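The values are calculated or read from the model by the stated rules, or taken from the named source; none is laboratory data. Only a predicted model underlies this, so the values are computations on that prediction, with no experimental measurement involved. Counting neighbours? That spans all protein chains shown, and the Cβs are built from the backbone with ideal geometry, glycine included.
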Amino acid sequence: MAQINPTVGDLEGNIKKIAEYIEEAKKSKADLVVFPEMAVTGYPPQDLLYERAFVRKNKEMLNHLISRNRDIACIVGFVDYDEKNLYNAAAIFNGDRLLGVVYKTLLPTYDVFDETRYFKPSKEEDIKPLRIDIDGGVNVGVEICEDLWDHNYEIKVTDILAKRGADIIINISASPFYAGKRFEREMLLKEKATKNKVPIFYVNMVGGQDELVFDGQSLAVDISGGLIAFGKQFEEDLIITDIDLEKGTAPKISPPPYNRVEEMFNALVLGVRDYFRKTGFKKAVVGMSGGIDSSLTTCIAVEALGRENVIGVSMPSKFSSEHSKTDAQRLAENLGICFVQFSIQEIVDMYRKVLEEPLEKIRKYFGISKEEDDPVADENIQPRVRGNCLMDISNRLKKLKILVLNTGNKTELALGYCTLYGDMTGGIGALGDVSKLEVYKLAEYVNKKAGREIIPKNVFKKKPSPELKEGQYDPFDFSIVSPLVDEIIENRRSKQELIEMGYPKEVVEDIYRRIRRAEYKRWQAPPCIKITPKAFGIGWKMPIVNKYGG
């Protein structure tokens, strides 16, 4: 199982990587090497699939790869086409001979998936195993990702392949990560293998692609559902497995230990690293407020890119506490990163001064007084100035290829407790799918992993505050609000359900209202690394104009 990290659109690079792994598999004396779903194009290619030249070239390059292949059988994911349709496909070839092409049958359209937009499904009558000349001949049932996850479909691809004579089933997949998904895959494979008395090999992609992270962890089970292979998490891997085809069994292995917080941290690191690497950016600039969110984001950036590629910027105003300034500086020193600190107060004061005259003209025109101004607008000047300063550093020092890394968390993004064009600035959000409570857990993990205090203790102890006015603190009890937001976003709980679960009615009403009202902000937020079953961004399709009250 060749668990590779392709890049969407990099056809030459992806084919080169596939060829390299084929050679590695040969050196290991493998009979068959299998690659993930759409390994040639990268996944998901989205509207690149409307580029006919792109689709044509992916198939041409695959055919060239097949023509050069010797002494090994391969299964490779690609995009096939005919005069009218596109197909999510797998090519099966032995040496330089193409044995057949299998099309995906079950095309998902939920969450981040939109495959019926592009592809035509396989027909049920075409679901059948292919015979490969390995060890006297083996009937291989090839299916693609969703074909295994058939609970909500009438067609059961795995069961059909087994009934029609498959000796083994191979699922090539590009399955996006969320915390704990590994256990769902294991249970599904065991259930299908024991039901059909057939070994199943599940080959998953690894790497970051825009908001998505693919975790790898390719695995295989024998006819008893026993685990016989398990790939690395968040790393490329070539997993070699020997199986007795006659008995359908192989030596059992134990699954690796599981740590949810460690898994989440590593997913965020891979997501940030690949976003920078695949888009060509080299360095991250992070606004360091001395708070928990920016502290964790800076640590993730250092882990992903190296300390030499992270720039921390502290931008206090007259409302910034002394401990916020010193905590940011201490964190930067503990990490060994480039760090600068400067006051934005002069810019903020000039901003107000320049705007006062035009604002007064507008007030007079509409007959309103200065006392009717929204005081929050005055506070928001500060994060907007900070956002502009970070963008200027990013743009001005062009040679360094700097990208602004956004620091906002999922709970605040849900509530709209963030400033558009201010602290929402960034090319990618590291914590946009991490709840406020999980931010603290991840920050604790950073210090535990290092075996020393990286994030200062004071950052954990102080009450969260944007420090935009005197004596200001976040107006939420995050121990209540953070899980409440998760129930609404991830589990789609209604107001009544939440009240029955024990949440105070007035809190439920307030949080629901805030979430609905902030939709326009989220449409303009940077993409964020997805690590939960339901993240804002590609898989969250909520209208801005929305009068439904819940």
Being closer than 25 Å to residue 244 by Cβ, in contact with a Cys (Cβ under 7 Å, 6 or more places away or on another chain) and modelled with pLDDT of 95 or more is the requirement here; does residue 93 meet it?
yes
Sort through 276, 281, 319 and tell me the only one that's part of a helix (DSSP H, G or I) and not β-branched (Val, Ile, Thr).
276
Which numbered condition residue 265 misses (of (1) touching a strand residue (DSSP E or B) at 6+ places or on another chain (Cβ under 9 Å); (2) within 30 Å of residue 201 (Cβ to Cβ); (3) modelled with pLDDT of 95 or more):
(1)
Determine if the stretch 121-136 includes at least one residue that is free of Cβ contacts under 8 Å to residues at least 24 places away in the same chain and not charged (D, E, K, R).
yes
Tally up the residues in the stretch 473-529 that are outside any helix (DSSP H, G or I), of a type in the set (A, V, I, L, M) and out of contact with any Cys (no Cβ under 9 Å at 6 or more places or on another chain), please.
2
Failed criterion for residue 462 (all others in (1) surrounded by fewer than 15 Cβ atoms within 10 Å (Cβ to Cβ); (2) modelled with pLDDT under 90; (3) basic (Lys, Arg) hold)
(1)
Condition first: touching a strand residue (DSSP E or B) at 6+ places or on another chain (Cβ under 9 Å) and of a type in the set (Lys, Arg). Now tell me which residues in the stretch 294-326 satisfy that.
307, 325
Please list, ordered by first then second residue, the pairs with beta carbon atoms under 9 Å, 6 or more apart or interchain, first in the stretch 443-471 and free of Cβ contacts under 8 Å to residues at least 24 places away in the same chain, second exposed (fewer than 13 other Cβ atoms within 10 Å of the Cβ) and among the hydroxyl-bearing types (Ser, Thr, Tyr).
463/473
Taking the conditions exactly as written (closer than 23 Å to residue 248 by Cβ, assigned to a loop (DSSP other than H, G, I, E, B) and among the acidic types (Asp, Glu)), does residue 150 satisfy them or not?
yes
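Each row is one residue, and each column tells you yes or no for (1) modelled with pLDDT of 95 or more; (2) not aliphatic (A, V, I, L, M).
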position: 298; (1), (2): yes, yes
position: 303; (1), (2): yes, yes
position: 306; (1), (2): yes, yes
position: 310; (1), (2): yes, no
position: 313; (1), (2): yes, no
position: 318; (1), (2): no, yes
position: 339; (1), (2): yes, yes
position: 343; (1), (2): yes, yes
position: 352; (1), (2): no, yes
For the condition in a helix (DSSP H, G or I), surrounded by fewer than 13 Cβ atoms within 10 Å (Cβ to Cβ) and more than 37 Å from the chain's Cα centre (by Cα), what is the one hit in 308, 356?
356
Quick check, is residue 486 closer than 14 Å to residue 413 by Cα, among the acidic types (Asp, Glu) and over 25 Å from the mean Cα position of the chain (by Cα)?
no
Only one of these conditions is not met by residue 264: (1) touching a residue at least 60 places away in the same chain (Cβ under 8 Å); (2) among the hydrophobic types (A, V, I, L, M, F, W, C); (3) not in a helix (DSSP H, G or I). Which number is it?
(3)
Within the stretch 252-271, tally of residues that are exposed (fewer than 12 other Cβ atoms within 10 Å of the Cβ) and either over 15 Å from residue 181 (Cβ atoms) or touching a Cys at 6+ places or on another chain (Cβ under 7 Å) (or both)
3
Picked from the stretch 490-541 (must be farther than 28 Å from residue 267 by Cα and basic (Lys, Arg)), the residue surrounded by the most Cβ atoms within 10 Å (Cβ to Cβ) is 516
Identify, please: which residue in the stretch 426-459 is within 24 Å of the chain's Cα centre (by Cα) and acidic (Asp, Glu) and is, among those, surrounded by the most Cβ atoms within 10 Å (Cβ to Cβ)?
433
Per-region count, the stretch 359-375, residues within 22 Å of residue 469 (Cα to Cα) and in a helix (DSSP H, G or I):
5
Just to be sure before I move on: is residue 484 surrounded by 14 or more Cβ atoms within 10 Å (Cβ to Cβ) and farther than 30 Å from residue 326 by Cα in the structure I sent?
yes
Is there a residue in the stretch 123-136 that is within 16 Å of residue 188 (Cα to Cα) and either of a type outside the set (Gly, Ala, Ser) or assigned by TED's automatic domain parsing to the domain that holds residue 221 (or both)?
no
In the stretch 169-193, the residues that are surrounded by fewer than 24 Cβ atoms within 10 Å (Cβ to Cβ) and more than 18 Å from residue 142 (Cα to Cα):
178, 179, 180, 181, 182, 183, 184, 186, 187
